[in-house]
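For reference, the structure discussed in these notes is given below.
No lab work stands behind these numbers, since they all come straight from the coordinates. Keep in mind that this is a model prediction, so the values were computed, not measured. Quick reminder, even Gly has a Cβ in these numbers, built from the backbone with ideal geometry, and neighbours come from all protein chains shown.
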Amino acid sequence: MNDRNEIMDDKKYNKLIVALSVIIPIAVAILFGVRIPNVEPLSYLPPIYATINGLTAVILVIAFFAIKNKNIVLHENLMTTAIWCSAVFLILYVAYHMTSDSTKFGGEGVIKYIYYFILLTHILLSIIVIPFVLITYVRAITNNFEKHKKIARITFPIWLYVAVTGVIVYIMILPYYVK
């Protein structure tokens, strides 16, 4: 495929990437504030979506080694699975917050600042990573592998950080969940 065709293939996805990169964070922010009345809180979800975050991190690392070992099919399958895991995480996360009050972190001193630093960077990077994941994926499915590799070098560490810090935030706040 020549450069012109690759650019055309990429461009047909640009509007969708931009739309999803804007719509997803806005929808999450709006839904985060919505409470479904007269519904039993889905208090069992946090360990499930934390596990999905952990699984995503493991999948990303295995996919990294798969591509380093030139196992392209395994890499493709793992990356598709990582995207689906992230989507399922997001659905469960929103469902939990639509039925349950947010848990307040009760730690004090230095640990409080560490927690909020991790939480803040996790939230900000989880928003920032959306277009990176989508662009990286589009460049792969359009066979634009040189550009795919370039952006994947940025996407991978951010996505991995978001997945790992999601688990860390869960573990740090676990003692403060209302039983």
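In table form, for the structure just shown:
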{"read-out": "Residue pairs, from the table 12/68; 15/104; 112/149; 11/68; 15/147, whose Cα atoms sit over 26 Å apart", "value": "12/68; 15/104; 112/149; 11/68"}
{"read-out": "Cα-based shape type of the range 1-101, given that a ≥ b ≥ c are square roots of the gyration tensor eigenvalues and the cut on a/c is 1.5", "value": "oblate"}
{"read-out": "Distance in nm between pseudo-label sites at residue 76 and residue 35 (7 Å out along the Cβ direction from Cα)", "value": "4.8"}
{"read-out": "Dipole in debye (nearest 20) - the chain, about Cα centre, beta carbon charges: Lys, Arg +1; Asp, Glu -1", "value": "320"}
{"read-out": "Nearest-ten-degree value, helix 72-99 long axis tilted from longest Cα axis of the chain", "value": "30"}
{"read-out": "Per-residue [θ]222 nm for the chain (sum of -39500 (n - 2.57) over DSSP H runs n ≥ 4, rounded to 500)", "value": "-28500 deg cm²/dmol"}
{"read-out": "Cα gyration tensor shape of the range 51-179, rounded if a/c is under 1.5, else prolate or oblate by comparing a/b with b/c", "value": "prolate"}
{"read-out": "Gyration tensor verdict on the range 22-62 (Cα atoms; rounded if a/c is under 1.5, prolate if a/b is larger than b/c, oblate otherwise)", "value": "oblate"}
{"read-out": "Stretch gain in nm, segment residue 120-residue 149, where the contour uses 0.36 nm per residue and the Cα spacing is subtracted", "value": "7.6 nm"}
